[in-house]
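See below for the structure under consideration.
The values are calculated or read from the model by the stated rules, or taken from the named source; none is laboratory data. All figures in this text were calculated on a predicted structure; none of them were measured in a lab. Note: ideal-geometry Cβ built from the backbone for every residue, glycine included; neighbour counts use all protein chains shown.
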Amino acid sequence: MADTALLAGPALRRLRRREGLTQAAMADRLGISASYLNLVEHNRRPVSARLVVQLVEHFDFDPRVLRQEEAVGGIDGMRRRLADERFADLEIDREEIVEWLASVPQAAVAFARLYDAGVSAGEAAAQASPLTLARREIERWRNHFADLDVAAEELADELRLSNADIGQALTERLRQRHQISVRILPSDVLVGSLRRLDLHARQLQLSEMLGPPSRNFQVAVQLALLEQRGAIRSLVQGAQLPDEAARQFLARHLYSYFAAAVLMPYGRFLRACEQTGYDLVILQRRFGVSFEQLAHRLTTLQRVGQRGLPFFMARIDRAGQFSKRYAGASGTLLLEGEFSCPLWIAHQAFERAGRICVQLAGMEEAGQGAREWLTLACTSEGQGASGMDGAQFVTVLGIEAKLASQLAQARGISLEPGGATPIGPGCERCFRPDCFQRSLPPRGAALQFEERVRGMTPFEFGHG
């Protein structure tokens, strides 16, 4: 995928005014023509790498201000905020958001800060939830942490040289570099735990209930805790999260991110994806990972110049609650409700343990109209995502239908527009009037009652 050109005219204009320079004077200092600077300031030309270097050399200039939209999660971050039902009547489309971020990015940042702060006690409490804060930071990075990926890829290459079996290589690394052995313990000994580090015995103790993919993952997580603590601490501190629990959630995600990147190193993994048509079954076998681990990794493939397809992933329980959700670079609003739609294939997957269930799902999204997504759902080998008996989760992987034709799991599936199963972001956020599955009226809707007529659902409503 081609990278988007960097348009940052307002940032250059603010810098020029701060320095008290005319366009001609600033252009002269930068070694460019005044007409070219004028085009850049009006977003008619992108900011080149050479111009960025000149700005740094001649002015007290931080290049990060050129991407102010990243502070609000980019276009997709603004779309998620504007999907709030309070803005539904404004019908703000994607082009308007792009223009807003390009022309007055500081105003967009101000709006985002006010929105994120919330306007009521209930909203403020929801926004302040540690999981919400951590997830917002992950989405700001589009779930791609380039430095961790590079470090994990280097470690994976080093491990391959020592042993082709990744599990044995990880165990040997832990033993040789850190003098810690791996021991598998009975479930009645390691009660209530998947992994425990016993520093007195110099052992990483793993539950016997973990399958091979989960064992390898837990050893890789332990290596991340020992070898990447400084890098991950810097990322967490840079997020400036106000809540300690949110910082811990973010750190946990980053340690898991590194572990998955070791098991599925970026370059080799992306090549395998492209060669197999993103065949999920082959990829699981080739890299020795679970469906959930694979789904996580597929949301992270956003390396500049080497991007994969923009997937999203989620994990839900039988009640339809999200325990994990990462939009990645997909831009989807499917994951924004508190509960998932019961018409989504994710719920049927509980009854088809271990099978990949496929559905073309469509949803009305603010500023986008109807968007259709190819979604693939699977339990984790019939034992739940954690690998422990009794845990019941389904992992869902999704990609926009127009990008899904090259996927192996899309063969035989019609991706023609208009053929999708209509779903919504949970009843309280869904305004579809003709849904027989509706359990609750949409939040903020004007309910309508007619004594002489009873509709197919118990709730009749308008958009007032």
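For the reader, a short list of remarks on this structure follows.
- Scanning region 222-241 for residues being surrounded by 13 or more Cβ atoms within 10 Å (Cβ to Cβ), out of contact with any strand residue (DSSP E or B) (no Cβ under 7 Å at 6 or more places or on another chain) and either in a helix (DSSP H, G or I) or hydrophobic (A, V, I, L, M, F, W, C) (or both) gives a total of 12.
- Single condition Val182 does not satisfy, out of (1) under 27 Å from the mean Cα position of the chain (by Cα); (2) in a strand (DSSP E or B): (1)
- Per the listing Asn163, Asn216, the residue uniquely in the same structural domain as Phe258 (by TED's automatic domain parsing), polar (S, T, N, Q), touching a Leu at 6+ places or on another chain (Cβ under 7 Å) and within 25 Å of Phe287 (Cα to Cα) is Asn216.
- Checklist (1) farther than 22 Å from Leu148 by Cα; (2) in contact with a Pro (Cβ under 6 Å, 6 or more places away or on another chain); (3) buried (at least 17 other Cβ atoms within 10 Å of the Cβ) applied to Asp279, failing item: (2)
- Of all residues in region 150-168, those that are in contact (Cβ under 8 Å) with a residue 24 or more places away in the chain and within 20 Å of Pro212 (Cβ to Cβ) have Cβ atoms under 9 Å from Cβ atoms of residues that are in a helix (DSSP H, G or I) and among the acidic types (Asp, Glu), 6 or more apart or on another chain, in Leu155/Glu227; Leu159/Glu172.
- Flag if Pro441 is closer than 29 Å to Arg94 by Cα, surrounded by fewer than 20 Cβ atoms within 10 Å (Cβ to Cβ) and at pLDDT 90 or above: no
- Residues within region 147-179 that are over 23 Å from Gly288 (Cα atoms) and either of a type in the set (Gly, Ala, Ser) or outside any helix (DSSP H, G or I) (or both), tallied: 1
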